[in-house]
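Working notes for the structure below.
FYI, it's all coordinate maths here, none of it is from the lab. Every value quoted in this text rests on a predicted model; they were computed, and no experiment measured them. In this analysis, Cβ positions are derived from the backbone assuming ideal geometry, glycine residues included, and neighbour counts consider all displayed protein chains.
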Amino acid sequence: MTSVRRTRSARRPRPGIPAAPSGRPWPGIPAAPSGRPWPGIPAGIALACLALLGACAGAPSGDDDAAAGVDYPVDVESCGVTSTLESQPERIVTMNQGATEVALALGVADRMAGTAYLDDEVPEKWHDDYESVEVLSDGYADHETVLGVEPDLVYGSYSSAFDAENAGTREDLEELGVATYLSPFGCGENEPDVPVTFDSVWDEIDGAATAFGIPDAAEDIRSEQRDALEALSEDAAGEGLEVFWFDSGEKTAFAGAGEGGPQLILDAVGATNVFADVGGGWADVSWERVVDADPDVIVLADATWSTAEDKITKLTKDPALKDVRAVREEAFVTVPFSESTPGVRLADGAVSVAEQLTALR
């Protein structure tokens, strides 16, 4: 039941979603250089960046909880399961990076008993808070390890977090007096419980904030991210560009499709997704379709288990792909995997994509 060292795990499959047909894990790169503006960025994008930085600066601390006036017990529903919190949770365990970063964004690091499973680096704005939390496992922490830190709430991004061999089933945890909360985007195998929109992303944060006893913090994030997205819409950095969102894949391309985080980001910046007509958040498409689409830009998702560098090597070495316009012109945009999935960093992903598209022009 001891914690493990803070190392990023080697290639492992995306949690709760099957591996790509090639047998390789699913992927998703560090964002554009932080702290340094890209030359020629329009004012709207700069304002969007400032708004998102404000979301970090405005995150409340646990000391503000009493002022929130939340009346317990509180019922929190997620993926068809209702958990009752008799009092404000003081020993929160987060499973998956998305859940961890929602908790950090809401300012409850001092009430986190442990965390597990990163896909990429936690951004600088939450780094110090993250470092203050015990890491229970590089991957999923098992049931015994989770119970060993005496949690009162376990929050996961994917249903696999609550497999019996991981944190334990939600039913088992509830019987032990441990409340649970599961992202509505992770209820099943690549099957969100709600349509993927920025509003539904903010609704998840609302639910977590209610469970944590700090609902006002969620409204602050919603307001600041909405302002950032409005600024991006005005600038339309991707207008006129056709984009292929390359998540992972060898024998086929695992592409950002028309109903997930990649589509929301491309809509936010005014770009066209060449696979917008394909259902689901992500989907396997043939490389022949990628060649036929001949995109202007390729967005590369980067994760510990599938890097952007690996994908660039694949694209530039493949005889059929190296002549695709975006590959030939090295028109690549890189996004951390955690900024491509529905969650608190999705708006950050939109800002980063807009910045990099502007730099490419």
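Between Glu309 and Thr272, the C-beta separation translates, for a Förster distance of 25 Å, into a calculated FRET efficiency of about 0.45.
Gain on full extension, evaluated as 0.36 nm per residue between Thr84 and Glu234 minus their Cα-Cα distance, stands at 49.7 nm.
Counting neighbouring Cβ atoms within 10 Å and putting the fewest first, the residues Asp128, Asp206, Asp277 line up as Asp277, Asp128, Asp206. Using the Cβ-Cβ distance between Asp294 and Asp206 with R0 = 45 Å, the FRET efficiency computed as 1/(1 + (r/R0)^6) comes to roughly 0.60.
Note on Asp75 and Thr316: their simple-model spin labels are 5.7 nm apart, each label 7 Å out from Cα toward Cβ.
Taking the Cα centre of region 229-313 as origin, sum charge times position over the Cβ atoms of Lys and Arg (+1) and Asp and Glu (-1), and report the length of that vector in debye to the nearest 20.
Working: 3 positive and 18 negative charges, 56 e Å.
Roughly 260 debye, rounded to the nearest 20.
Put simply, the amide H of Thr252, placed in the peptide plane, has neighbours under 5 Å in Ser22, leaving out anything fewer than 5 places away on its chain.
Close amide H contacts of Trp282 (hydrogens built in the peptide plane, cut-off under 5 Å, sequence separation of 5 or more or a different chain): Ala257. Residues Thr272, Thr180, Thr84, ranked from the fewest to the most other C-beta atoms within 10 Å, line up as Thr84, Thr272, Thr180.
Calculate the dipole size of region 75-167 relative to its Cα centre from +1 charges on Lys and Arg beta carbons and -1 charges on Asp and Glu beta carbons; express the result in debye to the nearest 20.
Details: 3 positive and 21 negative charges, 42 e Å.
Here region 75-167 has a charge dipole of around 200 debye.
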